[in-house]
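Laboratory data are not the source of any read-out in this text; all were calculated from the coordinates shown. Because the structure is predicted, anything quoted here is derived from the model rather than measured. Cβ placement follows ideal geometry from the backbone for every residue including glycine, while neighbour counts extend to all protein chains displayed.
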Amino acid sequence: QHEKKESPAPTQVSEKEKSWEKLYHELYLKAKQAIYRQQWSEAATTFQQLALELEKQKKDHLDESLFWLSYSLDKLADQIADVEKELATRQHAFQELEKIISDFPHSKWADDAQLLQIKIARELAEQGLEEYLQYLNTTIEGVFQGVEEGERVEKVRVGVETEVESEVQGVEGVGKVKVKREKIKGEKEVKGVQGGVERKVGQKVESNTSQELKKAKTEAEKIQQEKLLQEEKKRKFQEKRSQEKKEEKMKIFIPETPKVPEITPPIPPEAIIPVIPTTPLFPEPIKIEEIDPELEIKIVALDALMDVAPEKAFPILEKIFKKGTPSQLQERAIFILAQTKDSRAIPIMVDLALHSNNPRLQKGAVFWLGQRQEKKARQALLSLYDQLPNEKQKGYVLFSLARSRDKTARKKLLEIIRTEKSHDLKEMAILSLRNTRDPEVTEALLNLLDETKDLKLKERLIFTLSTNARNNERFQKKLISLLQKEQEPRLRELAILHLGRFAGDEAIPVLKNFYSQLNEKDAQLKKRIIFSLGNQIKNPEAVKALIEIARQEKDPEIRKQVVYLLRDSKNEEAIKFLEEIINR
């Protein structure tokens, strides 16, 4: 009797779990298909529902769902014409990313979340939202990593998009996307997936009749006019916000948002970071036929077959990747290949990386190899770097190595820094180590900083060390030495910045003494020092230094900036000084 009473319990639990599993897979599949078809509103709604269910059930993968929710919201914002709604949507995405960073700091999605958050913050700051500019100033490492005009960076991203216009600015963590979508009659969109990830290829299908061409031209002109009106509306909105901010508070120096070194990292196949190349992957729309509905069915069937009978799916995949197969089918099939944990996928990916004539397949193969955790996959990736013939292809591998947290990958990156002849690949390898907390890496980078004479490499090394060696005493002393002995203004500016950020009490007298040696021509360096001291406004010594500077400085603009910084201090000396100014 006792057994009969107890036996229903496990069945109940089991059925409840089955019900949850069914709901999870339905929601996930629906959300995945929405991203696949670039239906951003549906994707955001479904991932929001999925995230709520995961949180309610206390299940895994909440971090992943929050990321894709944020990504979908950001893409949805690109399509919203109303400026205020666009800003609200991006702010929502920013808040969801903050949950990942704060609640899942060790998640594999945390780095990607921060990169996307920085990209969104850039766009919001450009709209005049000052709190996001402040976020950038305090979050982005290497604020003064500007480069000469015309420098271009393609930032790491998982996914490829081809749009009418695209612009990117970023480095592993910094990005900006502007996509202008134009749809006209007589123009069809072909939606495809490179590796199961959204990509849009606009294909113009011209009408055969002059009447249809005239209609298309008229519609295009209307769209152009509407776009100009929206741009004008957006410009007026930005001017209004800017004017309001100027009227509310005094002007204060804020360092420029950093630009990033001229490196061309690869563009992997899945859109984890929604950043588009600075130039379109294809300068003109590709002339391809419409997607055959039967092709869609084949892809879905192949995906299902890989789940239930991989031994039958692999021979089919190998045939698909042979020459002569439509590239559309190949580019979708690689995503299916990437989802399997079967080790038979590794040699196929290696072969594609080495021998495929399709650059997208090469990028995809290298990227997905980098995502796998098996030792065999890591070894294949390390070997590929030496086998691939050109710099661009090596860049694909370097990107995947940079995302790996494996020690062998870090050693390979250090080897590349020491021995690689390509300046761009060296820079890329240096920057890829900026979030690595490894004493061996830190020492190697510090040694290179001592040895190299190349100005750009020194800048990149300081930028990287400022994130992974901020508490390193040797690095702090190196910054002080650069400030006192370096003749290159750019390096002195970087030293000032980072000394103010984390060097502590020891840096304050150094900064103050250096300030006293400057003259009227050094206004820019003076502002850097004031800003750095302002970063330590809670430190009484920093407050004293600022007060002393304000007493001695003759430039009213600089004195005004000091006073503005002191408003954030509750230090008694600061309060007395402010009263003294008022009572003069």
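Structure values in brief
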| read-out | value |
| --- | --- |
| For residue 581, net neighbour charge (Lys/Arg +1, Asp/Glu -1) across residues whose Cβ lies under 11 Å away | +3 |
| Projected area, mean over directions - the stretch 342-429, Cα convex hull, nm² | 5.1 nm² |
| 14 Å beta-carbon shell around residue 17, net charge (K/R +1, D/E -1) | +1 |
| Gyration tensor (Cα) of the stretch 295-397, equivalent ellipsoid semi-axes in angstrom | 23, 16, 10 |
| Where N is the number of residues in the stretch 473-584, Cα Rg divided by 2.2 N^0.38 Å | 1.04 |
| Which listed pairs, of 298/363; 376/426; 108/426; 363/394, have C-alpha distances above 18 Å, in listed order | 298/363; 376/426; 108/426 |
| Most to least packed among 125-135, 393-403, 354-364 [average Cβ atoms within 10 Å] | 393-403, 354-364, 125-135 |
